[in-house]
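Working notes for the structure below.
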Amino acid sequence: MSRRIRTTTAALTSLATVAATALILSGGADASTSAAAADCGVLFDDFHYASPTDSAFGGAGWTTRNDVGSPGVAGARWLTSNVSFPTVNGERVAQLAASTDGSSGGTTHSEMYQNQLKFFEGTYASRVRFTDAPDSGTDGDHVNETYFTISPLRYDRDPLYSELDFSEYLPNGGWGGSTADYQTSWYTYWNNPTWDGLRASTAQNRSFAGWHDIVTQVSGGHVKYYIDGQLTADHTTDAQGNPVTPRTPMSINYNMWFIDTAGHTSGNSVYTEQVDWTYYAGNQVVSPSDAVARAGSYRTSGTSHVDTVNGCTTPTTTKPTTPTTPTTPSQPANCSTAAEWDWGTVYLGGQRVKHNAHLWQANWWTQGSEPGLTAQWADLGHC
């Protein structure tokens with residue numbers, strides 16, 4: 001049920017497709033875990049950071065969003081300052097805040113994400129606290145509290161696009177519906193002529209206020225979603241028969257944003273979502289109880305961060321099926337004032353960069369989309 005126009009939340013490190021890895025494991029974190037599975041790596045983070053500007057936060061691969069753009073309320077700001085690390089019940093947690101006064105200029109969102117696309121098949125787990133009511137202000141806003149993975153959409157109907165929404169919690173409804181927590185597995189989406197997409201989606205229409213263990217297993221053509229140990233969905237294909245399991249590596253993301261301001265009544269309202277820990281076991285099928293136990297073992301041993309994930313992916317030479325590079329102008333471009341393109345930088349429409357001896361101009365908000373390979377950039381000529 002995402003409504004994304006921007007490319008992605010993370011930097012694209014490869015245009016490669018991926019081959020399914022052969023080994024699928026189950027069970028606990030014992031010594032019998034094979035070397036092949038272990039080589040795919042593990043991520044665990046307990047979010048013991050002082051602030052989003054803490055060097056350890058960036059060193060662990062996390063980035064916050066700080067710009068203006070979709071999804072959500074047009075013109076709303078995404079603020080690094082909306083991410084903090086308070087202590088709750090004796091433990092540090094990551095906290096994402098979103099606020100609104102009912103206007104686009106008075107609306108702020110938050111997001112933090114892993115800045116490498118290296119997460120693919122395996123088990124994803126996190127302990128997340130959702131809220132039904134604002135910490136302050138009037139209630140009723142169409143806020144979206146999330147935990148998901150995503151890869152860039154290189155162009156409309158990109159067949160390699162991959163996104164798994166483990167939880168998109170709408171306590172006050174939205175998108176024409178009532179209170180719901182959505183689990184959605186995506187094949188692709190498009191912006192033109194109007195926004196739409198191909199996906200499989202399941203919803204629970206009840207309150208999810210409080211702490212929840214969210215676990216998702218991705219293996220063997222299935223995406224199995226669990227909340228507090230209970231299976232809520234098992235997705236394989238969309239209604240057209242397209243696979244909704246990932247086809248390319250993704251980033252891990254958390255964000256909090258307002259779908260619109262239609263539910264706002266008065267004053268300024270502030271909502272929060274909290275994340276106690278996150279865990280990923282590459283190419284392993286781990287039961288919900290074992291995933292929670294593994295996270296607990298790290299915490300008991302005093303380990304607050306581990307990252308040995310190598311992706312376990314195999315690049316291919318598959319090229320985009322839709323031409324995306326415009327014809328190069330015949331006149332040389334003036335590249336003297338343009339900076340080199342950087343995959344980790346957010347670019348807004350109209351901004352220019354140099355890349356591969358060409359000058360490029362962003363068509364709209366983009367991050368991690370390489371000029372010359374995606375529709376996000378217009379070729380202004382050879383430097």
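Bear in mind that the values in this text are calculations on the coordinates, not laboratory data. These figures come from a predicted structure and were not determined experimentally. Heads up, the Cβs are rebuilt from the backbone with ideal geometry, glycines too, and the neighbour counts pull from every protein chain shown.
Here are some notes:
- Electrostatic dipole magnitude of segment 34-113 [Cβ: Lys, Arg +1; Asp, Glu -1; Cα centre; debye, to 20]: 200 debye
- For Ser136 and Trp343, the difference between the fully extended length at 0.36 nm per residue and the C-alpha to C-alpha distance is 70.8 nm.
- Cβ-defined net charge surrounding Asp379, 14 Å radius [Lys, Arg +1; Asp, Glu -1]: +1
- The Cα atoms of segment 144-194 give a gyration tensor whose axes a ≥ b ≥ c have a/c of 1.5 or more with a/b no greater than b/c, which makes the shape oblate.
- Simple spin-label estimate for Ser178 and Ala50 in nanometres, 7 Å along Cα-Cβ: 4.8 nm
- Extension gain, Ala293 to Ser266, is 5.3 nm, computed as 0.36 nm per intervening residue step minus the present C-alpha separation.
- Count Lys and Arg as plus one, Asp and Glu as minus one, and take only other residues whose Cβ is under 13 Å from that of Thr87; the net charge is then -2.
- For the pair Asn334 and Asn89 in one chain, pulling the backbone fully straight at 0.36 nm per residue adds 82.5 nm over the alpha carbon distance.
- Charged neighbours of Asn255, selected by a Cβ distance under 9 Å, balance to -2 (K, R count +1; D, E count -1).
- Cα-based Rg and Dmax for segment 62-104, where Dmax is the largest Cα-Cα distance (Å): 12.7, 38
- Segment 50-145 - convex hull of alpha carbons, volume per residue in Å³: 137 Å³
- Rounded, prolate or oblate (a/c below 1.5 giving rounded, otherwise prolate when a/b exceeds b/c) for segment 113-217 by Cα gyration tensor: oblate
- Virtual spin-label span in nm between Ser81 and Ala209, 7 Å along Cα→Cβ: 2.9 nm
- Gyration tensor (alpha-carbon) shape descriptor, segment 151-281, a/c threshold 1.5: oblate
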